[in-house]
Amino acid sequence: MKLTLKIWRQNGSQDKGKMVDYQVSDISESMSFLEMMDVLNEQIINEGGEPVAFDHDCREGICGMCSMHINGEPHGPDKGITTCQLHMRSFKDGDTITIEPFRAKAFPVIKDLMVDRSSFERIQQAGGYISVNTSGNTQDANSIPIDKHAADMAMDSATCIGCGACVASCKNASAMLFVGAKVSQYALLPQGQVEAVDRVKNMVAQMDLEGFGNCTNTGACEVECPKGISLENIARLNREYFKANVKG
Amino acid sequence: MSGFFNSSIGRKYAMALSAFFLMIFIVQHFAINILSVFSPDAFNEISHFMGTNPLVQFGLQPILLFGVIFHFVMGFILEIRNRNARVVKYAQYNGDANSTWMSRNMIWSGGFILVFLVIHFIDFWFPEINTKFIQGDMSGLLADGEGYRYYEELTHKFAPIWRVALYCVGFIFLALHLLHGFSSAFQSVGANNKYTRGLKGFGKAYAIIIPLGFIFIALFHHFNQ
Amino acid sequence: MSILDSKVPKGPLKDKWTNYKDKINLVNPANKRSIDIIVVGTGLAGGSAAATLAELGYNVKAFCYQDSPRRAHSIAAQGGINAAKNYQGDGDSTYRLFYDTIKGGDYRSREANVYRLAEVSGNIIDQCVAQGVPFARDYGGLLDNRSFGGVLVSRTFYAKGQTGQQLLLGAYSAMNRQIARGKIEMFNRHEMLDVVKINGKARGIIARNLVTGEIERHSAHAVVIATGGYGNVYFLSTNAMGSNATAAWKVHKKGAFFANPCYTQIHPTCIPRSGDYQSKLTLMSESLRNDGRIWVPKKMEDVMAIREGKKKPTDLSEEERDYYLERRYPAFGNLVPRDVASRAAKERCDAGYGVNATGEAVYLDFKSAIERYGNEQAKLHGITNASKEKITELGEEIIRAKYGNLFQMYEKIVDENPYKTPMMIYPATHYTMGGIWVDYNLMTTVEGLYCIGEANFSDHGANRLGASALMQGLADGYFILPYTIGDYLSHEIRTGKIPTNTPEFDEAEKAVTDQINAFINNKGTHSVDYFHKKLGKVMWDKCGMSRNATDLKEAIQEIKAIREEFYKEVKVPGKANEMNPELEKAGRVADFLELGELFAKDALMREESCGGHFREESVELDGEQEGEAKRNDAEFAFVAAWEYKGEPSDAVLHKEQLEFNDIELKQRSYK
């Protein structure tokens, strides 16, 4: 395949940045999208240029590092996958592909397609945990039976990989699906109840502070989430937040 | 709770609660208007009651006005904030791939509804207020004293085709707004459960039937002059 | 007498850890506040260690090269975590987990360490549940277990096919709590480039801020290395792209011995390579071998026909297929341990029976499982005379419920429907049992320098059993290191803050800066990946699944040549003081190029076959086990710990003799 790539190039956070066109050829259909990017970078290096910087690590859809906005969608046109799981057979010979970083005020660009998602870190630090020390003598794991249905739902929420596709796809750059998933995981488990009030209040306060937009329930996040985290998580977040404020 | 309404989620609740109120109001408004198709007399009676009852006029009417203004102002504030959450825009943004046009354009459907509301107020509400509270005519009667004026005024307004067309467009925007807004309001207050599918279906029906009904009323009176 | 002292406590195996804990020195809470610890790497081992040390009151500085601790490659572990809880009442015990791990590791691990690991395994599950890790449960609300290869009990706890992710998020949440409390200072997008030794003790590190390119000095009273394995020495592996051996190699160069580098695990069920552009290999969980049957065609003409697309695998009748694992190992069949399954696949492919264009793939077929489950279901639903289609449909449903996400993953990558046509699989590098040598305290041969998780030479001997890596990482971080490091730090309470403006820091920083500048200023001709791929090919061809003296000797020469060419011809674009992924890669590949040579040297020295290390010269020559791996306990029951002396070829071997008092050494037989 021969392709035209329109890629966002930005040399550092202070640079203004612009879209630059590249041509690549001999792209195999069985290549992953990031392998196509490797081919491009090899080509740029051989021509004496600076390769395109992009985040990636596990290349199997679980670490959440890769973060490209491809042809107007986070992680590209296919559903239920991350950028690294996208394969070139989803494109045709002669296609033009637009590649941009995930865009949000709370995700400033570091370089080219790399963004700084430390806002997610700070939200997690605000309450995304259960306060239990490592002692080796917490109660036996089976002393807290948990309804299988609740455990399965908590697992579904916990599969979030923190990639930020929800923010990138949202027209408001809202982080509610991300926050909703974490709050839900603990809200669905008995272990999470003790700190429920403070957790949701602190996490939402931090989310607001980071400059994410508000949710208008467009549902784009749910569609683009590589792990299929559902909007129910946002509804649960809203309920938990309301409950927490009523309680005090 | 004071912090609640300053938070992003608190504002969602506020938008949803005002939306619920407005959606109930629209049903009531529609119920009265549709009477005009079946029984001019009944329409006149209820219009007079609503127009002169102190509880409605001095209790519900200010709340409604507040609800309308709140919903609009908050909607615009949130839109501005949401736009600020993405400073550099995408060169390519394929919203159709993951969301409906309606959900992404609430500000536009809402904005057109606001324009329509202004016209609607000029057409009906200001003349009413003028007649009742400035000129002090609380009788609700026609100038010649022969019966109530409400039905007469209504049909008169829908005589010119441009106004009918304008109202139709206004209701189409209302339909578009409600197609997303109805279920969205429920999601905002945290109602997402096994009933959600049914509720979404009901919401779609509501969003289409009510505006269509209003359009029908306008057309009915236009063609029955 | 070896200079290596394992410091294993005296006394009976069962009581060693308890007695040890009772007698170690402790640091009082007020003193902990004035002690700093650096933890490099934030996977299961590093993350859990950082969180626990911070809970105890130490000041922790944690480093990871990713943008968040949550992205460490522990996150990719699929199957599960072992623990001797005996919740299923099937006869599991601490001793049995200990025994299985020693045996699975082909008797090349240290007894006392493995017993301790088995001992604390149950605590891990308790701790994780308390943290809110959503393990799978049965309908009664209690924890569910599954069984894994090489053992006779169900002791594996799991969270769908994402156990590693959930455990890591548990450790990450514990870290977040400490970051919020100010007890952990987190350095994301930072890479450790050297360790700093003062008076023989590890006192800090030199790290590069990957965003700004700034070289930073960080001091501490102890340094913990938890940076994972070195599987990427093969270029292609199931590791993450960024997984590297730089931290481990840099401490090795500063005096930490590197143990058993040749012990690598090649996992049998990975998706095969499709072309030269391939950047990484994807693992398919071992659990697939419970229901899949592995085969290649019997006749060479069928192989050719399949490669040319003239025939499809489904066209071949049962008689035309060679289910080689079932043929060679009737007792264990498709469920032989990882090393055995991998070598058998290689044997068939080397003989020319590989079924894809590259000649490196075998089939993993679910057809009989689908039929078997379909028939069962038909009976269950009371369907008599069910049609073939109905049976297939019912069977596919069961397979979908068990392996749906894996089948989907396969289909996304290969674009073939594995329900209708057999999967193609081939072995790939997965885990490295070798690593930095540590004593019972998890301290390396450098005082104050600790190494935990996959990065150390580990408790897995020469071969790791499934679901044991997660167990070891968390055991080291949550339950072992926090005790053992305290014993060392109790002598540091009067040391005071360690300054970074000393000659030792100057020197270490200068070495780091010099290397970076050398890369940037080198006017080479080839990208870093060019050399990495070249190294990977040598490693795979000559130090891969089976090894022999001739190949290994060649490999040593070839790697050396690649290394020399690398320093002359590598081309690193960009600048030093900016985000520069090519520069990062250059430093990592430079270290792999040294490690690879030591790897080959170690493999050459170990003239026996054990676990993941198979020497063609050391096989059973006759009898039932003919052609199988032959261990040599008389000469090689030792840990090979290498001391750095300038060049990998100059490395000096130190032996830690392994003693087995509580377990009898036996040959592993799967016939």
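Pairing each residue of the range C:401-417 that is more than 12 Å from every other protein chain (Cβ to nearest Cβ) with any residue that is among the aliphatic types (A, V, I, L, M) and assigned to a helix (DSSP H, G or I), provided the two are 6+ apart or on different chains, yields C-beta distances under 8 Å for C:403/C:288; C:407/C:399.
For the range A:226-248, a residue qualifies if it is surrounded by fewer than 24 Cβ atoms within 10 Å (Cβ to Cβ) and in contact (Cβ under 8 Å) with a residue 60 or more places away in the chain, and the qualifying residues are A:227, A:228, A:230.
Scoring residue C:88 on the criteria (1) out of contact with any helix residue (DSSP H, G or I) (no Cβ under 8 Å at 6 or more places or on another chain); (2) of a type in the set (S, T, N, Q); (3) at pLDDT 95 or above leaves a single failure, condition (3).
Per the conditions (1) more than 14 Å from chain A (Cβ to nearest Cβ); (2) surrounded by fewer than 24 Cβ atoms within 10 Å (Cβ to Cβ), the sole criterion not satisfied by residue C:225 is (2). Total residues in the range C:599-614 satisfying the condition of being buried (at least 24 other Cβ atoms within 10 Å of the Cβ) and of a type in the set (A, V, I, L, M): the figure is 2. Exactly one residue among A:67, A:30 is touching a residue at least 12 places away in the same chain (Cβ under 8 Å), touching a Ser or Thr at 6+ places or on another chain (Cβ under 6 Å), more than 13 Å from chain B (Cβ to nearest Cβ) and of a type in the set (Ser, Thr, Tyr), and that residue is A:30. Return a yes/no flag: does the range B:188-204 have any residue that is crowded, with 17+ Cβ neighbours inside 10 Å and away from every other protein chain (no Cβ under 14 Å). No: zero hits. Residues that are surrounded by fewer than 21 Cβ atoms within 10 Å (Cβ to Cβ) and in contact (Cβ under 8 Å) with a residue 12 or more places away in the chain: does the range A:216-225 have at least one? Yes: one or more hits. For residue A:119, the test of being within 28 Å of residue A:59 (Cβ to Cβ), touching a residue at least 12 places away in the same chain (Cβ under 8 Å) and touching an Asp or Glu at 6+ places or on another chain (Cβ under 6 Å) is passed. Among residues of the range C:167-179 that are at pLDDT 95 or above, none has a beta-carbon under 6 Å from a residue that is basic (Lys, Arg) and not in a helix (DSSP H, G or I) at least six positions away or on a different chain. Can you tell me which of (1) within 11 Å of chain B (Cβ to nearest Cβ); (2) within 24 Å of residue A:63 (Cα to Cα); (3) not in a helix (DSSP H, G or I) is the one residue A:228 doesn't meet? Failing condition for residue A:228: (1).
Select from the range C:242-284 the residues that are among the polar types (S, T, N, Q), out of contact with any Lys or Arg (no Cβ under 9 Å at 6 or more places or on another chain) and not in a loop (DSSP other than H, G, I, E, B) and list them in ascending order. The one that is among the polar types (S, T, N, Q), out of contact with any Lys or Arg (no Cβ under 9 Å at 6 or more places or on another chain) and not in a loop (DSSP other than H, G, I, E, B): C:264. Close Cβ contacts (under 7 Å, 6 or more residues apart or on different chains) running from residues in the range A:1-23 that are small (Gly, Ala, Ser) to residues that are in a strand (DSSP E or B) comprise A:12/A:111; A:13/A:109; A:13/A:110; A:17/A:8; A:17/A:9; A:17/A:109. Evaluate the following for residue C:223: is it in a strand (DSSP E or B) and modelled with pLDDT of 95 or more? In short, yes. Looking at residue C:468, is it crowded, with 24+ Cβ neighbours inside 10 Å and either away from chain A (no Cβ under 14 Å) or closer than 30 Å to residue C:105 by Cα (or both)? So residue C:468 fits the description; yes.
Of everything listed in (1) of a type outside the set (S, T, N, Q); (2) crowded, with 24+ Cβ neighbours inside 10 Å; (3) not in a loop (DSSP other than H, G, I, E, B), the single unmet condition for residue C:106 is (3). Of all residues in the range C:617-638, those that are basic (Lys, Arg) have Cβ atoms under 7 Å from Cβ atoms of residues that are not in a loop (DSSP other than H, G, I, E, B), 6 or more apart or on another chain, in C:630/C:619; C:631/C:610.
Of the residues that make up the range A:70-82, is at least one over 23 Å from residue C:76 (Cα atoms) and outside any loop (DSSP other than H, G, I, E, B)? Looking for residues that are over 23 Å from residue C:76 (Cα atoms) and outside any loop (DSSP other than H, G, I, E, B), one finds at least one in the range A:70-82, hence yes. In the set A:144, A:161, only one residue is closer than 22 Å to residue A:223 by Cβ and among the aliphatic types (A, V, I, L, M); that residue is A:161.
Within the range C:488-522, the set of residues being out of contact with any strand residue (DSSP E or B) (no Cβ under 7 Å at 6 or more places or on another chain), in a helix (DSSP H, G or I) and over 24 Å from residue C:210 (Cα atoms) comprises C:503 only.
Yes/no per residue for (1) in contact (Cβ under 8 Å) with a residue 24 or more places away in the chain; (2) within 9 Å of another protein chain (Cβ to nearest Cβ):
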residue	(1), (2)
A:145	no, yes
A:152	no, yes
A:163	yes, no
A:170	yes, yes
A:187	yes, no
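One residue stands out among those in the range A:50-64 that are surrounded by fewer than 24 Cβ atoms within 10 Å (Cβ to Cβ), facing chain C (nearest Cβ under 7 Å) and not acidic (Asp, Glu): the one that is farthest from the chain's Cα centre (by Cα), which is A:51. From the list A:202, A:142, the lone residue that is more than 21 Å from the chain's Cα centre (by Cα) and under 26 Å from residue C:478 (Cβ atoms) is A:142. Only one of these is more than 7 Å from every other protein chain (Cβ to nearest Cβ), surrounded by fewer than 24 Cβ atoms within 10 Å (Cβ to Cβ) and among the aromatic types (Phe, Trp, Tyr): A:107, A:91. Name it. The match here is A:91. Filter the range B:75-97 for residues that are more than 20 Å from residue A:105 (Cβ to Cβ) and touching a strand residue (DSSP E or B) at 6+ places or on another chain (Cβ under 7 Å); which is farthest from the other protein chains (Cβ to nearest Cβ)? The qualifying residue farthest from the other protein chains (Cβ to nearest Cβ) is B:97. Applying the condition of being of a type in the set (A, V, I, L, M) and within 14 Å of chain A (Cβ to nearest Cβ) to the range C:556-588 and asking which residue is farthest from residue C:644 (Cα to Cα) yields C:579. Each residue in the range B:117-165 was checked for being in contact with a strand residue (DSSP E or B) (Cβ under 8 Å, 6 or more places away or on another chain) and in a helix (DSSP H, G or I), and 0 of them qualify. When residue A:79 is tested against (1) away from chain B (no Cβ under 11 Å); (2) at pLDDT below 95, exactly one condition is not met: (1).
Do we have any residue at all in the range C:579-598 that's of a type outside the set (D, E, K, R), more than 30 Å from residue C:214 (Cα to Cα) and modelled with pLDDT of 95 or more? Yes, the range C:579-598 has at least one match.
Of all residues in the range C:133-156, those satisfying the criterion of being in contact with a Leu (Cβ under 8 Å, 6 or more places away or on another chain) and farther than 20 Å from residue C:475 by Cβ are C:134, C:136, C:137, C:149.
The values are calculated or read from the model by the stated rules, or taken from the named source; none is laboratory data. Because the structure is predicted, anything quoted here is derived from the model rather than measured. So basically every Cβ, Gly included, is an ideal-geometry build from the backbone, and we count neighbours across all protein chains shown.
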